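Some notes on the structure that comes next.
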Amino acid sequence: MSGSSAATVAHDGPHIDPGDVVQLWADARGLYYAGFFPQYASPAWLDLDPDDPKRLAAALDAAEKWRKYGDEEALIQWFKDCTRNRPTGAEAAESARRAAAYVPPPARPVHASPGWPPIRVPGTDKWRHLIDGRQADLPHNRTRTYKQQEAA
């Protein structure tokens, strides 16, 4: 833009007469205060002509709601969270008391049973056998430590 000033910059689109802009703004404000316009970005709003004052009134309404309430989806989620059922103070206290009082039972020791095959002890590589009424781990099932032997 060498040698040109801001006054000579060409604008895209049709030139709008300042009087038309003032009239559009006045009509849109009147419609906004009367509440006679479709919801912003609704199908009815999309069907309006670009220079229809109802279109601007709906945009003003959406901007004002955004200023007051922020994101509409976040506001709806906030309302849902506020209105969902929650336990009363007594119910919450009773639930916390029960949770604190619960003590899981101790782990039962693993025992092989008569007539059943040997069982593996959880967390180990040992197997329990029932031999002559007593629990036994057979020598071949025990963990062995191997020593490296030199070749002969």
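The values are calculated or read from the model by the stated rules, or taken from the named source; none is laboratory data. Since the structure is predicted, the reported quantities are computational estimates derived from the model, not experimental observations. Cβ placement follows ideal geometry from the backbone for every residue including glycine, while neighbour counts extend to all protein chains displayed. For accessibility, only protein heavy atoms count, side chains too; no ligands or nucleic acids. Shrake-Rupley method; radii C 1.70, N 1.55, O 1.52, S 1.80 Å.
Observations on the structure shown:
- Lone qualifier among Lys126, Lys65 - being without any contact (Cβ under 8 Å) to a residue 40 or more places away in the chain and open to solvent by 100 Å² or more (accessible area, probe 1.4 Å): Lys65
- Among the candidates Ala99, Ala107, the residue that is modelled with pLDDT of 70 or more, loosely packed, with under 10 Cβ neighbours inside 10 Å and assigned to a helix (DSSP H, G or I) is uniquely Ala99.
- Sole residue being modelled with pLDDT of 85 or more, within 27 Å of the chain's Cα centre (by Cα) and either surrounded by 11 or more Cβ atoms within 10 Å (Cβ to Cβ) or small (Gly, Ala, Ser) (or both), chosen from Ala58, Ala74, Ala90, Ala41: Ala41
- Ser113 meets all of the listed conditions (1) in a helix (DSSP H, G or I); (2) touching a residue at least 12 places away in the same chain (Cβ under 8 Å); (3) hydroxyl-bearing (Ser, Thr, Tyr) but one, namely (1).
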